[in-house]
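The structure appears right after this line, and notes come after that.
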Amino acid sequence: MFTDLRFRLRALFRRDAMEQELDDELRFHIERETDKYVREGLSRAEAERRARVAFGGVDRIKDDTRDSRGISMFDTLSQDLRYAWRGLRSKPGFTTAVVLTLGLGIGANTAMFGIVDRLLFRPPAYLIAPDRVHRVYVAYMWEGAERTERTLEYTRFVDLTRWTTSFDRTAAAAYRSLPVGTGEDAREMPVATISGSFFDFFEARPVLGRFFTPEEDHVPRGSAVVVLGYGLWQSRYGGRADVLGKSLYVGNAIHTVIGVAPIGFVGITDESAPAAFIPITSFAGSRNTWYFQNYNWSWLEMFARRKAGVSVEAANADLSVAFRRSWEAQRAQDRLPTATEVRAHALADPVQLSRGPEAGPDSRIVTWVMGVAVIVLLVACANVANLLLTRAVNRRREIALRLALGVTRRRLVQQLLTESMLLAILGGVAGLATAQWGGNALRALFLRAEDARAVLTDFRTIAFAGAVTLTVSLLTGLAPALHALRGDVAESLKAGAREGTYRRSRIRTGLLLFQGAFSVLLLIGAGLFVRSLSNVRSLRLGYDVEPIVYVEGQKRGMSFSRTEANALAERLVEVAAATPGIESATLTISVPFWSNEGRGAPFVPGVDSLRKLGRFMLQAGSPAYFRTVGTRLVRGREFTEADRDGSAPVVVISESMAKAIWPTKDAIGQVMRIGSDTNPFMTIIGIAEDIRGRQIAGEREFWYYLPIAQYIARFGEADLNVFARANGRAEDYVEVLRRRLQAEMPGVSYVKASPLNAFVAPRQRSWQFGATMFVAFGGLALVLAAIGLYSVIAYAVAQRTHELGVRIALGASLGDVVRMIAGQGLTFAVAGIAIGSIIALWAGQFIEPLLFDQKAKDPLVFVSVAVLLFVVAMIATLRPALRATRVDPTVALRSD
Amino acid sequence: MTDRLDLPQGTLDLLILKALSLGPQHGWAISERLHLVSRATLQIPQGSLYPALHRLERQGWIRAEWGASDNNRRAKYYELTRAGQKQLEAETAAWDKLTTAVALVLKMA
């Protein structure tokens, strides 16, 4: 074995020396043989001739010897590669088309893989034994349905830790958005509040200082120490080493910096990388002091590492027993049914949320898009297979000749596969480039910034691209190889350069139909998503989004008297409204898709139980409210300065609410009451257009609006929340508003500002994403299908030159020729459209839930796609068809 | 030419090993020896020797060394290795068994 290898390697690397030796050896033999004949009396020349005859063909023997040396594997490969490379270079157009096609296909898949991998498979960085680390979920029956929760109480975490034996480590973590710094410097940042045991889950070492220990994480209030995230250390401290021992205001307390986490360390989270890590007891202890005794404040997530040798089932059983015991312990505090009644149990599931019971819609959409990307790749493969096949058919004579000359079929197939592999590898390189530069937008949609790392440095993505490339080379090489195997040597050689009649290849037809059908499918998908996106976009939310800035004041643990708070709120509105470029400002208590206030169903005299009509949401604002957010009044009047505490209580209600409560009467002038029976009735003074603040689709929402002054009089104090309407895009005014309003905030209290769109846009994201991806991939598939059709028709024309020459010579008109050639292409197109549409009709049911107010069977979309594909097919067919008319019968007939 | 035989498949290796069991030789000498010893009965194209020699060398049954030939020219000498010796014994035994068996069947009355 060893000699064999050494021999082969030597043969491989010292080829020139080996060749020389072989030459010497054979020459020696022939010389000795010649000498022999000379001794027998022959002339030198005759002796040499006889010696050569006795020896046999020197070149063939050299070949055989080389083969038997066992280097043929490398030799033939490099020979094939050089042969393939020459072939590809001689046809740059063909090669570019194939490489681009494969590059796009592979690139799309590689980019998508990076995302799917991150969301579903890849464990968090630095995690030790990721297959044994779990996120703990608890489940129980509540109001007739099973509830699964990952947000637990501190007490529960303690119980599940001390009453289980299946785990060698448990940890608690709560990822929060907390203010870091004070005054002008204060910014809300993601902060990980974690138990001291959490760091033990990772093999991460601090780049500076140390991590905190379980001893610093203690009840009731942990040590005020902070480990900086690598990013914050760089951005705020410039990566300086003297940061240790510095004080940093995190949350509601001053913390001492004790260490810096390594780059890429985030703990376990799907959200933004934390700027800092603090003990979980330090965070909770600054909020209240009872969190470690009570069972009714759930705010943290629990992670556990299973002991080696303990099965997941055993761990689940163990956890469930502990959870039931903990549930019984809770019953000493809260009135609850027994653990058995609620069927309490607990689960150790994968740490990735997308793989747990609470997986969001993102993973579903990503899976869909991955499927679409695979289809695009298949279409690309079909295309390339078709092109290669066409080439193989063109090279029929060459192949037949080589077979006749004794090249084995195996060798021939090897050569064809080498060619497709070379193409696939070039395509793979192009694909990586596509994924690297074109995939950034994609990753930004789904991943947090730190995860959107370069494709080219990620081993898993590269490996995936490699695997895809290999598959592609087999898929595309198979058809031509099979074709080569089937060919009949004598037949092909006899046929000459032309074949008497044009033969349809079933494989080629099949590939073409496949491409056409799937392009139609993707384009219909694209059409549906585009329509659904435009539905979302054109949906009137009932308020303006683009120009609105939302500013939220945070007291950060400071206490204000009611008067102080209300005065501060008023001052914030005044300052905001006085800011240049701001048209008006209002206080607000509800923020669409963020935090909405509900105070139960109102009471209306003479109307029974409004509750069963639906949910009623409450908004309160300054007199400038409607003007600021752009909600139109349908009838009646809005609030004025006169609607204050002490004046007659008034309310504006939404149109749907008015119709639901007073279907036959005018709602204006009617009265309603909220809260306790002692509250005064409010008179309805206006009807506002409907708004959507909770869900973008579904039932109409019921909203009613109070003047902020009367709201405060009834419910205490206002939040320090302000909507400001900018004369332009909100994004341009966020920072100036934040700075000006921050200046008004006393002590450590602070404001944060964001465009309202930041809350609304995520609701439209899945539609946006679906539309973008389907349009991109559908367009790609269409281009590929057009190239495929074009190449096949062009090839057919080339094949039939002779036949066409005969026809034209016999008097066929140019129209006849065009009709004949184009007719064939368009038949393919129509068949592809039909098949694709049928699949789309069937597949529509799966995609409809992802669409917004859009039926999957939309005739407009189906017809447009059919027309589009038909037109593209026509263009792809026309050029070769026109070329067919230029066939010169005399030339065509004389050739060959 | 009717008294010359084509070599049965696979026996060339055996003959080469046997020829080398008498001592190191270069290719031409092996060819001559086989020619003489078989009394010119075996039809071995001289060139076909070399692929076989290189194959045997790769398999580790013989090894090669460049040396000076009797008329003082550089020649490549082959010699049997220990593994080659064993292989020769095994193949000889197998050959004997085969020919005996074939002979028995052919003599069947």
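The values are calculated or read from the model by the stated rules, or taken from the named source; none is laboratory data. A quick note: this is a predicted structure, and the numbers were derived from the prediction, not measured. Reconstructed Cβ throughout: ideal geometry from the backbone, glycine too, with neighbour counts over all protein chains shown. Heavy atoms of the whole protein, side chains included, go into the accessibility calculation; ligands, DNA and RNA do not. Shrake-Rupley method; radii C 1.70, N 1.55, O 1.52, S 1.80 Å.
Values for this structure:
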| quantity | calculated |
| --- | --- |
| Peptide A:132-144, shielding by other chains (average Cβ, 10 Å cutoff) | 0 |
| Label point 7 Å beyond Cα of A:Glu40 along Cβ direction - residues of region B:11-51 with amide nitrogen under 17 Å | B:28-47 |
| Cβ-Cβ FRET estimate between A:Glu328 and A:Glu215, R0 fixed at 35 Å, reported to 0.05 | 0.70 |
| Theoretical gain in end-to-end length, A:Arg122 to A:Ser177 [0.36 nm per residue, Cα-Cα removed] | 17.3 nm |
| In nm, spacing of pseudo-spin labels at A:Met141 and A:Ala798 (7 Å Cα→C-beta vector) | 7.2 nm |
| For A:21-28, mean number of other protein chain Cβ atoms within 10 Å | 5 |
| Peptides ranked, highest mean first, by Cβ atoms within 10 Å: ranges A:409-418, A:431-440, A:717-726 | A:717-726, A:431-440, A:409-418 |
| Karplus (6.51, -1.76, 1.60) ³J(HN,Hα), θ = phi - 60°, over region A:624-640, in Hz, Gly and Pro reported as x | 7, 3, 5, 4, 5, 8, x, 6, 8, 8, 6, 8, x, 10, 8, 6, 10 |
| Heavy-atom accessible surface of chain A: percent carbon and sulfur, 1.4 Å | 57 percent |
| At R0 = 25 Å, FRET efficiency that the Cβ-Cβ distance of A:Thr408 and B:Thr11 yields, to 0.05 | 0.50 |
| Spin-label pair A:Asp24/A:Asp63, simplified geometry with 7 Å Cα→Cβ offset, distance in nm | 2.6 nm |
| Shape metrics for region A:53-174, restricted to C-alpha atoms - Rg then Dmax, Å | 31.4, 100 |
| MRE, 222 nm, helices only [DSSP H, n ≥ 4, -39500 (n - 2.57), over chain B, to nearest 500] | -17500 deg cm²/dmol |
| MRE, 222 nm, helices only [DSSP H, n ≥ 4, -39500 (n - 2.57), over chain A, to nearest 500] | -17000 deg cm²/dmol |
| Accessible-area ranking of B:Lys76, A:Lys752, largest first, probe 1.4 Å | A:Lys752, B:Lys76 |
| Under 27 Å from B:Lys97, Cα to Cα: lysines that are on another chain or at least 8 residues apart | B:Lys18, B:Lys86, B:Lys107 |
| Largest to smallest accessible area among A:Asp23, A:Asp67, A:Asp16 [probe 1.4 Å] | A:Asp16, A:Asp67, A:Asp23 |
| Cβ charges +1 (Lys, Arg) and -1 (Asp, Glu), total dipole of region A:734-791, debye | 200 debye |
| Chains A and B, summed buried accessible surface - 1.4 Å probe, Å², nearest 100 | 2200 Å² |
| Summed residue charge, Cβ within 13 Å of A:Phe639's Cβ, Lys/Arg positive, Asp/Glu negative | -1 |
| GluC sites (Glu not before Pro) restricted to region A:17-107 and DSSP loop, no more than 13 other C-beta within 10 Å | A:Glu40 |
| Lys/Arg +1, Asp/Glu -1 at C-beta; chain A dipole; positive extreme among A:Leu841, A:Gly747, A:Val366 | A:Leu841 |
| Extension gain (nm, one decimal) between A:Asp608 and A:Asp242, 0.36 nm per residue minus Cα-Cα | 124.9 nm |
| Calculated FRET value between B:Ser38 and A:Leu470, using beta carbons and R₀ = 56 Å, to 0.05 | 0.60 |
| Per residue Cα convex hull volume in Å³ - calculated over chain A | 253 Å³ |
| Projected label distance in nm at A:Phe681 and A:Leu841, using a 7 Å step from Cα toward the beta-carbon | 6.0 nm |
| Cα gyration tensor, region A:105-211 - rounded (a/c under 1.5), prolate or oblate | rounded |
| Cβ neighbours within 10 Å from other chains - mean over A:214-224 | 0 |
